[in-house]
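The values are calculated or read from the model by the stated rules, or taken from the named source; none is laboratory data. Just so it is clear, the structure is predicted and the values come from calculations on it, not from any experiment. Methodologically, a virtual Cβ is constructed for each residue, glycine included, from the backbone with ideal geometry; neighbour enumeration extends over all protein chains shown. Surface areas here come from the heavy atoms of the whole protein model, side chains and all, with no ligands, DNA or RNA. Shrake-Rupley method; radii C 1.70, N 1.55, O 1.52, S 1.80 Å.
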Amino acid sequence: MRFTKMQGCGNDYVYLNCFELPLPKDPAELARRMSDRHFGIGSDGLILICPSDNGADARMRMFNADGSESEMCGNGLRCVAKYVHDHGIRKADKLRIQTGRGILAVDLEVKAGKVERVTVNMGKPILDGATIPTKLEGNPPVEVPLLVNGLTLHVTAVSMGNPHCINFVEKATDELVLGLGPKIENSEMFPARTNVEFIEVISPTEVRQRTWERGSGETLACGTGASAVCVAGVLTGRTKRKIINHLLGGDLELEWRESDGCVYKTGPAVEVFSGDWPE
């Protein structure tokens, strides 16, 4: 079974071209085995590139390393767009990709026939507590006290098609990210679990992010998380609507536009290698 490994800011996934391959019988189990960094290919999860059933150029289905299916992945979406273009599924500098949060528009920066960077319209943030979903108070829940391991954090919850819990901190330490990240992910305040971001504010136009990703642990980048951080920065008065976010795997450019209320994310997409999975 032919696969391609791709990464966006170090957020790496295994991709299957289901325009040519049949859908896996058990994608959750396949994601767990392929993602294993010792006995598999090694990745943050598995992404299926499928024909759309809703008029888009392609459909993306994303499975975390633990086999759970997520609604969206911003870094993965950029790589899907690159694959669709570079592998000839649809040669265009504008694409529409079907995701768990609907059809999203992407603009491609192409050089020498290959996509280098992608801008994604991530859509409008979801700020209604019940829809995020979270049991935290507020619509949106901004700077709400959350008790974790005897420590009170003041968190902001935003959904970009999947839930995020944003924590603005002086220093994003291992103690916070690796110690509290999994506990917040599984907090009873988040019925569908949550992704967790720890954010250092450098200036009103620049932040640094570490992410504990739902179902995968700490990852080098999270595109929906970076988008949620852009929104949370504005809601809490810490940042402007246009920022650069420094993630462990690279930088993303974000803008929460007043004109249409959507978040736009620009960043790289890289094909690492292809191979054959023995199945």
Residues in region 200-213: is at least one crowded, with 24+ Cβ neighbours inside 10 Å and among the basic types (Lys, Arg)? yes
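To keep it simple, each residue is scored yes or no on (1) closer than 11 Å to PHE198 by Cα; (2) among the aromatic types (Phe, Trp, Tyr); (3) touching a Pro at 6+ places or on another chain (Cβ under 8 Å).
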| residue | (1), (2), (3) |
| --- | --- |
| VAL148 | no, no, no |
| THR152 | no, no, yes |
| SER159 | no, no, yes |
| CYS165 | yes, no, no |
| GLU170 | yes, no, no |
Being more than 20 Å from LEU147 (Cβ to Cβ), in a helix (DSSP H, G or I) and hydroxyl-bearing (Ser, Thr, Tyr) narrows it down to one residue among THR211, THR239, THR224; which is it? THR224
Looking only at residues in region 137-167 that are more than 22 Å from the chain's Cα centre (by Cα) and among the hydrophobic types (A, V, I, L, M, F, W, C), which one is most open to solvent (accessible area, probe 1.4 Å)? LEU147
Residues that are within 25 Å of GLY55 (Cβ to Cβ) and open to solvent by less than 50 Å² (accessible area, probe 1.4 Å), drawn from region 106-116: VAL106, LEU108, VAL115
So if I check each of GLU185, GLU170, which one is open to solvent by less than 40 Å² (accessible area, probe 1.4 Å) and over 13 Å from the mean Cα position of the chain (by Cα)? GLU185
Any chance LYS124 is part of a loop (DSSP other than H, G, I, E, B) and in contact with a His (Cβ under 7 Å, 6 or more places away or on another chain): no
Restricted to region 1-34 and to residues being charged (D, E, K, R) and in a strand (DSSP E or B), the residue most open to solvent (accessible area, probe 1.4 Å) is ARG2
